[in-house]
Each structure stands twice: as structure tokens, then as C-alpha cells.
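One structure is given here, and the rest of the page talks about it.
The values are calculated or read from the model by the stated rules, or taken from the named source; none is laboratory data. Remember, predicted model here, so these are calculated numbers, not experimental data. Because the Cβ atoms are built from the backbone with ideal geometry, glycine has one as well, and the counts that use them run over all protein chains shown.
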Amino acid sequence: MKINTLFSLLLATLSTGVTSTPIPNADPESQAHGSIQSINLDTRSVHNVDPLRKLPDIHTRSLDLPLAELFNREDGTPRDDDDDDDTLYTLLTRDITHDDDDDDDDNNNEEDAITNLTPRTSSTSAQQTIEETSTYQLFSKVHSSMTKDNYYAFTVKYTTGDGPGDASPKDVLAEAQRDYGFDHIALVVGKVSETTSKKKVKRDFIAVLHHLIITEYPETIYQKRNWSGAGGGKSATKIEFVKQTAAKKDAALAAKAKDYFAQAEHQKWVAKTNDCLTFVRYLEGYL
């Protein structure tokens, strides 16, 4: 509709402002009605255009409106009578600058693309083999969550014979078996160690065994010894987890054991009063 309006304005201007001034080299008979003649400067034929000739029907609704209504904008541009944005005026006057928000969106998309295209880097260490000592394997089967540099306490029950270093008579072992369901019991406290190299990780449980033994019946003493193999004993063992403890508790354990045997009633074996189990319960109470 805007194209029709502009074209109608152009025709109206031409029809009112044309004079009948003769055009050189034009046919004088065809100058009636103030005709407009187009001259070919290359001396070719001259075409006469009669402005009063009947033109095709052109919808010029805007020409019937007052001029003030046609040009009602402050800048003198024609008013917008239609909702169609694809008009000649719109195309000629459209702002070709990009919206800042669109530029920001484009920039963000470009940044995202750059980020997504950035190669991922990951560091992988060389394959390491894990080596576990027999002592670590034995106790970790009972308490699998042992970790490096921490201390743990266990009880070890000898079910078919005396413990390491113990010289209990057979009747004493039989009595313990009848009362407790085992022949001997000891407390084991140790620390998890872990040494690492480029190719290997070695784990160990540095354990110490604490127990009451009979040297010459009925005399009892405290014995502390490093754990080796199955506790150094000849019989099968049953291991039970007691608790996680601390380094200072472990360091003071031997002194607490000596305090126990400093008492006269703890120097001779008496079933259920001074035996291997009563001593272990005493140490557990300290831990």
C-alpha cells in the first residue's frame, strides 16, 4: 500500500507541474495538452507520453485524504496505514544496525562454541601394582576399611591350642575352653603403613600382640611381641575387630599392662579373676 501511495504522489506532481514548453527537435503537432516528451540523446526515436492518457486503475486511497493526514509524522514521512512491514518505505528506511542484545547473543554463542571445542585434558598415572603383606590381608579381611597411618585394635582367639609363648597346662586350656569357647585370647594393636613407588604400592599392618601368659604354673606375666604370620601360635585363630584407636593410646598400652601386673592379685593365674581374658578386657577398657 505504501508503494501505491508514493507512486500516486509522483503522478499528481507530474500532472500539475508540467509546462508546454516546446522541446527541440520534437513534433510540433504532438505538443498538445502540454505533453512530456522523452528524447533519446543517441538520436534515436522520440517517445511522446501523454499525461492525460487513461492509466490503469490504481488504488490511491491516500490521495483522497488531506495532506496533513498523509504526512502526519514530525519528520514528514508518510503515515503507516497498513500493518505490512515489507513496504518500499520500510525497506529504504530500515535501520540496518544490529541490536546490541543480538550481538551479545552472537558473542555468547561464539564463546560457547570456543569452549566446547577446547580439547579435554586428563592426567593418568602409570599403572601401579598393589602388594599386600600376609598380615595386612589377614586383618583387612576382618575390617576392610583400614586406611593409611591409622591404628586399629583386634582380639585374636586361639581355638585349638595355646597362644605364642604360653605354657599353660592342658587342664588350664581345657578350663578356658569350657568357660570361654577358646584356649587363649590376646589383643593386637597395629598401624597401617603404605609405601608407594612408581610401579608399586605396598600395604602392611604393623601389629603388636599383647597378652597374659603362664611361664610356670600358676605364675602369669605380660608379654608383648610383634605379630608374625598367624600370631606365632600353632593353633587356628579367630580374629574380631575391636575399634579404631590412636597413636598415643598404642604408645601407652605397654605401660598400662605393667600397671596391671603390679598388683599382687594379677601375678598368679585364677580362672575368671586373673586369666588371659580378664587381661584383654582390661586393655580394651583403656583403649
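One residue stands out among those in segment 260-287 that are in a helix (DSSP H, G or I) and loosely packed, with under 13 Cβ neighbours inside 10 Å: the one that is nearest to the chain's Cα centre (by Cα), which is GLY285. Residues in segment 271-287 that are hydrophobic (A, V, I, L, M, F, W, C), over 13 Å from HIS184 (Cβ atoms) and at pLDDT 95 or above: LEU283 only.
Residues satisfying the criterion are absent from segment 167-180 (criterion: touching a strand residue (DSSP E or B) at 6+ places or on another chain (Cβ under 8 Å) and at positive phi).
Going by the structure shown, is SER140 polar (S, T, N, Q), over 29 Å from the mean Cα position of the chain (by Cα), under 30 Å from GLY285 (Cβ atoms) and modelled with pLDDT of 95 or more? Yes; evaluated as a whole, the condition is true for this residue. Scanning segment 140-162 for residues that are assigned to a loop (DSSP other than H, G, I, E, B), under 30 Å from THR195 (Cβ atoms) and either of a type in the set (Gly, Ala, Ser) or in contact with a Cys (Cβ under 9 Å, 6 or more places away or on another chain) (or both) returns SER144, SER145. Evaluating GLY181 against the criteria (1) over 19 Å from ALA153 (Cβ atoms); (2) crowded, with 22+ Cβ neighbours inside 10 Å leaves one unmet condition, (2). All of (1) more than 16 Å from ALA153 (Cβ to Cβ); (2) surrounded by fewer than 16 Cβ atoms within 10 Å (Cβ to Cβ); (3) at pLDDT below 95 hold for ASN226 with one exception: (1).
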